[in-house]
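Here's the structure we're looking at; comments come further down.
What follows draws every value from the coordinates through simple rules; no lab data is involved. Keep in mind it's a predicted model, so treat the numbers as computed, not measured. Positions of Cβ are generated from backbone atoms using ideal geometry, with glycine treated the same way; all protein chains shown enter the neighbour counts.
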Amino acid sequence: MMQLQALFMLVWPRTYAKFEREWHKASSITAKGYATPRFVQVSAEWVPIDLVLEKNSDENEDYLEILRVDASRLEQTRYVQEVQIKKHGRSLASTLVRVEEFRNLAKSVARDGIRRPVLLADVAAFELPYRMYRFDGHHRAICAKHLGLERVPAFVFTVTPPESPTLQKSGVTVADSEPTTALTDTR
């Protein structure tokens with residue numbers, strides 16, 4: 001079943017739209033000037049949690065603190081004060097609603113497991129500080145880590161390789177490949 005869902009995600013236009021939106025928001029990528037790659041294939045896999053959380057690893061402890069701390073101390077956490085209020089300009093009330101939703105997700109994952117796979121793009125060919133570009137599923141992955149899970153279900157998209165600096169300067173682009181699927185469930 002997971003393999004059929006992966007195939008569906010490859011051709012579902014909103015999947016690529018979400019990837020493209022997240023790609024452009026990631027300053028570590030846009031600073032390097034990479035064009036948004038295209039999906040080439042997808043596989044359904046069980047991926048080590050540390051590989052999933054490599055991107056934005058500096059934020060992981062802030063998220064984990066939300067799941068560890070007693071509810072009466074949520075307002076004092078770095079995630080609430082620094083990340084949500086100071087960095088994102090959210091109110092305390094709206095932040096606490098988000099925090100409660102996140103804590104409820106952790107309870108759901110503890111009870112039912114991860115029901116929707118994390119979406120990753122394998123960017124090993126790019127000069128980035130991580131191998132997997134996670135564009136959906138950060139909260140689910142954090143919950144899994146908090147619960148001690150070693151692997152999470154994921155749809156891993158292979159993407160077009162980065163263009164060489166010579167090609168970028170000349171304006172020549174790598175032609176989009178027709179999508180293919182290589183579905184594996186590596187439990």
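In a fully extended conformation the segment linking Lys86 and Phe102 would gain 3.9 nm over its present Cα-Cα distance, using 0.36 nm per residue.
For region 124-138, 3J(HN,Hα) computed residue by residue from phi via the Karplus equation (6.51, -1.76, 1.60; θ = phi - 60°) reads 4, 6, 8, 8, 10, x, 8, 8, 10, 8, 7, 10, 6, x, 4 Hz, glycine and proline entered as x. Using Cβ point charges alone (K and R +1, D and E -1), the dipole size of region 105-146 about the Cα centre works out to roughly 320 debye. Distances between placed amide hydrogens fall under 5 Å for Arg90 paired with Ile85, all partners being 5 or more residues away or on another chain.
Here the calculated FRET efficiency for Arg73 and Val11, from their Cβ-Cβ distance with R0 = 45 Å, stands at 0.50, rounded to the nearest 0.05.
The alpha carbon gyration tensor of region 16-162 gives principal lengths a ≥ b ≥ c with a/c of 1.5 or higher and a/b no greater than b/c, which makes the shape oblate.
Near Val152, the amide H atoms lying under 5 Å from its own belong to Val47, Ile49; only residues 5 or more places off or on other chains count, and H is placed 1.01 Å from N. Around the Cα centre of region 1-77, unit charges on the Cβ atoms of Lys, Arg, Asp and Glu (plus for the first two, minus for the last two) sum to a dipole of about 560 debye. Tell me, how many Å apart are the Cα centres for region 3-74 and for region 100-154? Using only Cα atoms, the two centres lie 8 Å from each other.
Semi-axes of the equivalent ellipsoid of region 81-156 are 25, 20, 9 Å, computed as sqrt(5λ) over the eigenvalues of the C-alpha gyration tensor in descending order. Which ³J(HN,Hα) values, rounded to whole Hz and listed in residue order, are derived for region 108-121 from phi using the Karplus coefficients 6.51, -1.76 and 1.60 in 6.51 cos²θ - 1.76 cosθ + 1.60 with θ = phi - 60°, glycine and proline given as x? Along region 108-121, the couplings run 5, 5, 5, 7, 10, x, 7, 8, 10, x, 6, 9, 10, 10 Hz.
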